[in-house]
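Colleague: Mind having a look at this structure? Questions to follow.
The values are calculated or read from the model by the stated rules, or taken from the named source; none is laboratory data. What you see is a predicted model, and the numbers here were worked out from it, not measured in a lab. As a convention, Cβ positions derive from the backbone with ideal geometry for all residues, glycine included, and neighbour counts pool all protein chains shown. Surface accessibility is based on the protein's heavy atoms, side chains included, excluding ligands, DNA and RNA. Shrake-Rupley method; radii C 1.70, N 1.55, O 1.52, S 1.80 Å.
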Amino acid sequence: MSPTPSRVLVLNSGSSSVKYQLLDMRGGDRLAAGLVERIGEKSARLKHTPVGGESREWSGSVPDHDAALKAVAAELAKDGLGLDSPELAAIGHRVVHGGKRFTEPTVVDDAVLAEIERLIPVAPLHNPAGLAGIRTAQALRPDLPQVAVFDTAFHTTMPESAARYAIDVETADAHRIRRYGFHGTSHAYVSRETAKLLGRAPEDVNVIVLHLGNGASASAVRGGRCVDTSMGLTPLEGLVMGTRSGDMDPAVIFHLMRVGGMSADEIDTLLNKRSGLIGLCGDNDMREIRRRVDAGDERARLAFEIYIHRLKKYIGAYYAVLGRVDAVAFTAGVGENAAPVREAAVAGLEGLGLAVDGELNAVRGDGARLVSPADARVAVAVVPTDEEMEIATQTYALVEKER
Ligand code: AMP
């Protein structure tokens with residue numbers, strides 16, 4: 001008898017890229033990982049890394065997601081890990097926007113596809129890419145369960161008091177305007193791993209998760225359930241990000257239209273692509289910003305201070321929302337690597353029981369670790385996120401349940 005299939009291919013389809021990982025869920029091993037970038041441009045690039053083997057790269061024409069996935073399948077096949085393998089149990093897809101309806105990972109059928117499509121107006125850049133990935137994967141392996149794992153799902157437990165904007169209720173409902181939140185897979189994974197690090201059950205722990213990557217979001221997690229998060233209808237709201245403004249007075253938009261003569265599309269580009277750290281100082285990579293700060297660059301210093309000021313406001317706000325906080329967890333590219341960000345974010349918050357230990361914070365490490373002093377009232381943790389593993393875990397759990 002052949003063994004029960006235990007591999008999951010995770011696909012994270014962005015507007016012009018596909019990231020992928022193949023995992024074996026029996027032992028939790030990563031078998032291969034890779035990335036196709038610049039899909040639809042003149043020369044796309046593929047990088048494929050079989051675990052334990054040499055990376056392979058090539059550039060060439062990849063006109064669309066269909067071609068991208070076929071290229072990925074061809075690379076996997078070279079390592080004997082092709083999509084036709086009977087060991088493949090399912091394909092797990094990251095889907096950015098699941099609206100109010102998708103509160104859990106979901107096996108894709110026609111009705112699910114139609115609903116993801118219906119949500120395109122609230123996620124115009126992201127959901128079409130997710131759909132393209134699912135449709136191509138379905139065509140390649142029509143017999144396999146395709147599972148959609150939604151970025152918004154973890155946040156659907158937010159109470160109405162946190163999810164609703166204070167605008168006219170009929171207008172909001174007619175256009176499905178509310179706080180959905182994003183990076184949910186990461187917030188779910190990191191909050192659970194933080195509880196594990198503390199040696200406690202997730203149900204007993206209140207955590208503020210700070211996902212600080214190029215996109216950035218904060219969440220307040222009470223006993224394993226999200227009660228508030230900083231991103232909103234779209235991933236534009238909240239923290240200062242690499243290229244996005246985060247919070248600001250919405251009247252800035254009317255002002256730019258009426259007085260600045262800008263169109264809605266121009267303002268969309270301004271706030272999503274030319275704001276945040278890059279708008280403030282011309283760089284969005286925290287390594288470069290820190291280097292400039294250390295060299296005495298004023299614009300970089302101000303950008304860093306604005307970034308930290310916003311972060312601090314969210315820590316304070318979510319402290320108040322939760323009432324009792326057991327841990328603050330830093331994750332993603334900046335959160336995991338930038339010790340000065342962690343130090344500055346909690347500086348002066350000793351009154352709230354928050355502090356970092358300078359030495360622990362400066363040490364670079366791979367796994368989840370505490371960076372607060374041993375006697376701290378609130379743990380400060382660095383918890384590397386692993387969205388692909390979380391998507392694979394959720395996907396596999398669902399297909400196992402339905403088997
Ligand atoms: P992510 O979106 O999670 O991949 O994070 C990407 C961002 O992480 C980059 O734009 C950098 O700002 C930041 N980053 C990555 N490595 C480092 C590092 N060693 N030190 C500081 N920031 C880093």
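Colleague: Mind giving me the nanometre distance, one decimal, between the label points for HIS255 and ALA397, set 7 Å out from Cα along Cα→Cβ?
Modeller: Placing both labels 7 Å beyond Cα along the Cβ direction yields 4.5 nm.
Colleague: While we're on this one: Counting helices only, and only those DSSP H runs with n ≥ 4, report the 222 nm mean residue ellipticity of the chain as the sum of -39,500 (n - 2.57) divided by its residues, in deg cm²/dmol to the nearest 500. Could the numbers behind the result be given before it?
Modeller: Values: 15 runs with 155 residues, N = 403.
Using -39500 (n - 2.57) per qualifying helix, the result is -11500 deg cm²/dmol.
Colleague: Work out, step by step, the length gained on full extension between VAL169 and ARG135: first 0.36 nm times the residue separation, then minus their alpha carbon distance; give nm to one decimal.
Modeller: Here the segment from VAL169 to ARG135 would lengthen by 8.7 nm.
Colleague: Sorted by average packing, counted as other Cβ atoms within 10 angstrom per residue and highest first, what order do 28-35, 375-382 take? Let's see the in-between values first.
Modeller: On the way: 28-35: 17.2, 375-382: 19.6.
Ranked from most to least packed, the peptides come out as 375-382, 28-35.
Colleague: Let me ask something else about it. Which one of ILE134, VAL36, VAL108 has its Cα pushed farthest toward the positive end of the charge dipole of the stretch 1-141, where Lys and Arg give +1 and Asp and Glu give -1 at the Cβ?
Modeller: Going by the charge dipole, the pick is VAL36.
Colleague: Between rounded, prolate and oblate, where does the stretch 240-357 land on the alpha carbon gyration tensor, with a ≥ b ≥ c its root eigenvalues, rounded for a/c under 1.5, else prolate if a/b exceeds b/c? Please list the in-between numbers first.
Modeller: Details: a/c = 2.54, a/b = 1.48, b/c = 1.71.
Oblate shape, in that a/c is at least 1.5 and b/c is the bigger or equal ratio.
Colleague: Then there's this: State the volume of the convex hull built on the alpha-carbon positions of the stretch 321-403, expressed per residue in Å³ and rounded to an integer.
Modeller: Numbers: hull volume 10.5 nm³, N = 83.
With only Cα atoms used, the stretch 321-403 gives 127 Å³ per residue.
Colleague: Roll a 1.4 Å probe over the protein chains and send me the accessible area per residue for the stretch 187-250 in Å².
Modeller: Working: 2040 Å² over 64 residues.
Computed with neighbouring chains in place, this is 32 Å² per residue.
Colleague: With the convex hull built on the Cα atoms of the chain, state its orientation-averaged projected area in nm². Please list the in-between numbers first.
Modeller: Numbers: hull surface 87.5 nm².
So the Cα hull casts an average projection of 21.9 nm².
Colleague: Something else: How many percent of the accessible area of the chain is carbon or sulfur, using a 1.4 Å probe?
Modeller: Details: 9610 of 18220 Å².
Heavy-atom surface of the chain belonging to carbon and sulfur, 1.4 Å probe: 53 percent.
Colleague: Could you give the length gained on full extension between ALA114 and ALA347, defined as 0.36 nm per residue of separation minus the Cα-Cα distance, in nm?
Modeller: Details: separation 233, 0.36 × 233 = 83.88 nm, distance 4.78 nm.
Full extension from ALA114 to ALA347 adds 79.1 nm.
Colleague: Run the simple label-point estimate for ALA317 and ASP366 please: 7 Å along Cα→C-beta, distance reported in nm.
Modeller: Placing both labels 7 Å along Cα→Cβ, they lie 3.7 nm apart.
Colleague: Show me 263-272, 94-103 ranked by packing, highest mean number of other Cβ atoms within 10 Å first. Don't skip to the answer; put the middle values down first.
Modeller: Values: 263-272: 14.3, 94-103: 21.1.
For the peptides 263-272, 94-103, the packing ranking is 94-103, 263-272.
Colleague: Explain nothing, just the number: dipole magnitude of the stretch 95-182 about its Cα centre with +1 on each Lys and Arg Cβ and -1 on each Asp and Glu Cβ, in debye rounded to the nearest 20.
Modeller: Numbers: 9 positive and 11 negative charges, 38 e Å.
About 180 debye.
Colleague: With every protein chain left in place, what is the accessible area per residue of the stretch 1-135 in square angstrom, probe 1.4 Å?
Modeller: On the way: 6220 Å² over 135 residues.
Accessible surface, normalised per residue, equals 46 Å².
Colleague: Sticking with this one: Report the extension gain between ALA201 and SER263 in nm, rounded to one decimal, defined as 0.36 nm multiplied by the number of residues separating them, less their alpha carbon distance. List each step's numbers first, then the result.
Modeller: Values: separation 62, 0.36 × 62 = 22.32 nm, distance 4.99 nm.
Extending this stretch completely gives an extra 17.3 nm.
Colleague: How far, in degrees from 0 to 90, does helix 65-78 lean away from the longest principal axis of the Cα atoms of the chain, to the nearest 10?
Modeller: 70
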